[in-house]
1. Identify all residues within the stretch B:302-314 that are facing another protein chain (nearest Cβ under 10 Å) and surrounded by 21 or more Cβ atoms within 10 Å (Cβ to Cβ); write none if there are none.
2. For residues that are out of contact with any helix residue (DSSP H, G or I) (no Cβ under 7 Å at 6 or more places or on another chain) and in a loop (DSSP other than H, G, I, E, B), scanning just the stretch B:230-268, find the one that is nearest to the other protein chains (Cβ to nearest Cβ).
3. If I filter the stretch C:183-201 for residues that are over 19 Å from residue C:11 (Cβ atoms) and within 19 Å of the chain's Cα centre (by Cα), do I get at least one hit?
4. Please tell me if residue D:292 is within 14 Å of chain C (Cβ to nearest Cβ), touching a strand residue (DSSP E or B) at 6+ places or on another chain (Cβ under 9 Å) and on the phi > 0 side of the Ramachandran plot.
5. Exactly one of (1) at pLDDT 95 or above; (2) farther than 14 Å from residue C:158 by Cα; (3) more than 19 Å from the chain's Cα centre (by Cα) is unmet by residue C:329. Its number?
6. Using the structure shown, decide if residue A:29 is within 30 Å of residue C:194 (Cα to Cα) and modelled with pLDDT of 95 or more.
7. Every residue in the stretch A:209-224 that is at pLDDT below 95 and not in a strand (DSSP E or B), please.
8. Would you check which residues across the stretch A:72-86 are more than 16 Å from residue A:140 (Cα to Cα) and modelled with pLDDT of 95 or more and list them?
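The values are calculated or read from the model by the stated rules, or taken from the named source; none is laboratory data. Since we're looking at a predicted model, the values are computed, not measured. Here the Cβ positions follow ideal geometry from the backbone for every residue, glycine too, while neighbour counts run over all protein chains shown.
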């Protein structure tokens, strides 16, 4: 018990922060010891500061933790950040400089050339980029690892095995995204009841950029972006949780439908091989019914960590089409960051010496 | 007043039937004189037979009309049909054989080679196909004109001016369709509350086929389908009325954004030129705001007869992307059929002799 | 045309402010000449300052009006106020002191002993209270007239004829209120999708207090509150517009069901007798169907100005029960204030001399 | 394992039938061995026959069970019935006559004078009524036990401790009920999106009658109905699961607020004392927050078996008001029936000899 990694959460009162708190309750390897949030929460007990929106009760262990300012030092071994991107950049850097590993869900550092944009099943090799952070963060041993945008995770999971086997040439993604993706209070009910919003700020750009980094070629410490084109159109729909992505994909090779289905259904990665605590048994679930996936019925598959794929068909413009769905605040945010942390722990990255002595770090000029 | 065209409505108790009744109240050229529906309604007064779901009151004039069986003869000059496609085919034919012009909203005859698939702004030249119906219907003077599927109308309206000017090469359409499109009772609330359904039976096929007929080349009496590929993915969302279509389009020519916008905003057709009663002043409305069109705010534009287009951008996979929206039970169904009828009336097609003597009809061997 | 009363709207960018703008477009007696709102809007054109949420387009005439600070003087003859209650009190008073008639939708002055809490069909005699405002506002000729809380208007309309005829002894009101009642952005979509909120701040208190003032006995310049008890439980439900109130009522007299229905259906007041522009033909509509009123189907009755009543039954605890429904931002807010203004105009209250010379005003010591 | 009670489910493909199947998966005392449903399902494997609507997967053990006709004999020890009330009456009786204990969720026998209307925490003494069933069912050892209507369970749980301590004089109940209460497909989405339905067929009558039986005085084999008046107004709202009841209550005694809260919070019954498998630790949960209970946040409390109560206040017409909420298809239906079965098992009622030899049974003339 004494050996648990102590976690500090930045942005703890927000929707993703609350999911961090929820998912870390009873975690065998991590425990929450510090909570930080914005000015109006500082100094309050978490229970008071946080308008808890989740269905499970606020965990006892954090109720009376006092909310602190989001700046080092915090009494913890590792930082989970779900700060708004407007302020996340500098604050996350300051924690890395101060020697903390920072597991970030914000968008600030995702496209930095030294920051892994990590999905453990998809591109664990991007951890090699951590070496490039050595100098930048004054050999403090601190570093930043980012998880992608919520909808990008859903897409990239579904596309990863197909890209490996058949080489993706182009992606057309149309999203139907849930309201929890906008945080709380987020979307006004007057805007979304009996309605659809055909716009989510900067989302289309994130999808078009991040997907190419995630599925890029990682050579030791740097990543070469994938060369396919990505087109994204994003919509907000009146669903609590669960982002659905309608995808068309063009490939270099021309697989059959059964090859595509087999590629998806047999997908498996590092988290499954290592038996990480938050790893779903099936990272991708292929449904054969004509009317699946559906947000309400499929978002909680694999405790919210599985991506469900369905409606796989030949397409008349690109090669294939399919629909993918995942839980945006679990697999798309807090659960994604937690799985990243579990992989880092399994690989020894929370042992500071390991980071500084890693082959990648050493290879760089001191 | 005595000169109004007398309308009989088939499927009068359904959602589209109700819209027919609503739109024909106070119409200067048409009046409802016969209502037909399925077995359980026959013999009842319309008021009893119909579970009226519209916000405006059930028009006085039809309350006590007795519902009849959907078979000729009916006391009317023209038939508006919104029968379910499972039974529409034979019934509509029997009315045409009996000499009635049939304005059909059902899918049964849409792809028939002798049936115009008409959107008055887009392809009034398809009326020439009526000539081919002469023999088929025993020179009765009866004929069938169909309007397209609801979502196809939205798309085809937005694509028609672009196809004329820049020649469409490929279309990728992803739809977010409202629940009224499934009729009443239609979609179960348990299926759609807090949810999205990624499947609408036969919708993707209809979109892929009908679009190519509508935008095809019409030479005298026959139509050569457009050669572009169409890819459709359809979703049901929790919206009362209004189908939204996210479109990517590839062109032969390469227009600029401003050329695309100008093409759309200046679109105008036969209904506008003829001043047809149900014609919207602007068949296409181009919105510049980043978050439009929205179903709740834009479906009623032009009294539900305008299509609203927005989010026009260059695309990274095809050439352009944009979002189009229209009212599915007005412009996409009852209003579409009514506008067809108004065009037929203006062109003299409700005068039987004109149909039989038309150049198209004469050209065919007797 | 030159004789139109010039209206200044305070809180013009909010939901009720927008309804004022909408309802005043094409009004034969009023025209909007001044718009005022909070700091971040001041100096902007209304078009930019306002996030227009209504389905009809933003009226041309106000698009380029510059938003001003909500303080006198404004270039107008009368003030319509929909300021938030936190600031409305002092600002409305300052306009009255400056000589403006203030038609207020805010709650600040509703319970003031000198302010009529007016529903024109119900208690036009409360206009007599304006006399008491003479001294208070320095004989400026300015005064304040308030309309009640949105849900109170729905209830009070339905109860007024019953109270007159049968004397209400007790009222148990349970509300299902729409999201537009909370303004924009108001209720977070995450809070109301697939949910009900059993709490609306201060609403139960307002219902319990205002109802007794509205239905009180007005003797010349003062009102004696009605003596019945009122119990209110308020809920927010996922409906765009339309407040529904489930009512039980106890009476002194014991009417039959048909007497209750007749009392409601034949209700008619000053606005109907005077033919005021916004007066609905039927202030109360009694529906006999077992499943009416419904917000979506009945809120727009009488252009949003009629109250629809249904499910009238004998009750097992109090005497009767029934369900009443009205449009909360029209009859419950902007339309209510406008009808108040129309009554004031018809009675000559916008002629300053009339106010100062009125019998009520004269009776008070100078 | 061999000692598990074998359960046959009537109406297995419906919403409550599915909940039975879900709740019985991995139950330590019961296992599903027979499934019966209506004509169109008979002969099919359950997997095919059932349109599974729940979020958890269809349990392996029942996937390939063949659906049978709902008539004895079935290969099971006890019957769980969720048949529609239109057919439940005779079928349930035929199973009782054939010697099966019938745990019924249908309304057919609820008001029968020999059928316990059982809520284990509230009135376990009604089991004594089973003795009266001896002759009626030919001493077969079979019998019927009913659970109340879903919304009545929520109310009766909240009122039971208050009635015991302070004697209820009158109840005014206004409900906001979820769509799953109407079964599947049930409520049409067009009826409930952006809407409220102020009518649920026969619901108000059930509430007014069943509540008085449940909280009646049970003397050996018969029950004397409680004498309080009950007024119910029922509404359907757009919520998936969870019935909310706004209650006003009049008492003989006049408790303080803290006495009321203490009475509710300390409520505990037979299921808790016996440690029944499905018994929630806290049958009533009292929340102090001003905005609870809420369906989405509170329906799953105690795995859907706890009732959450909040907004406890003095009332201006009756004595107190409060809001109660429970999960309608778990505590209000399938879970209620299962808890009934667990109590019957613990009391030995599934041992036929016990039923026939029970003191109640013996007391009756043979």
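1. B:310, B:311
2. Among them, the one singled out is B:237.
3. Step one: filter the stretch C:183-201 for residues over 19 Å from residue C:11 (Cβ atoms), giving C:188-200.
Within this subset, residues satisfying the condition of being within 19 Å of the chain's Cα centre (by Cα) are C:200.
So far as the stretch C:183-201 goes, yes, one or more of its residues are over 19 Å from residue C:11 (Cβ atoms) and within 19 Å of the chain's Cα centre (by Cα).
4. Working: within 14 Å of chain C (Cβ to nearest Cβ): yes; touching a strand residue (DSSP E or B) at 6+ places or on another chain (Cβ under 9 Å): yes; on the phi > 0 side of the Ramachandran plot: no.
Judged against the criteria, residue D:292 is not a match.
5. Only one criterion is unmet by residue C:329, namely (3).
6. On the way: within 30 Å of residue C:194 (Cα to Cα): no; modelled with pLDDT of 95 or more: yes.
No, not satisfied.
7. Hits for the stretch A:209-224 are A:220, A:221.
8. Our first condition is that a residue be more than 16 Å from residue A:140 (Cα to Cα); within the stretch A:72-86, this holds for A:75, A:80-86.
Passing the criteria: A:75, A:80, A:81, A:82, A:83.
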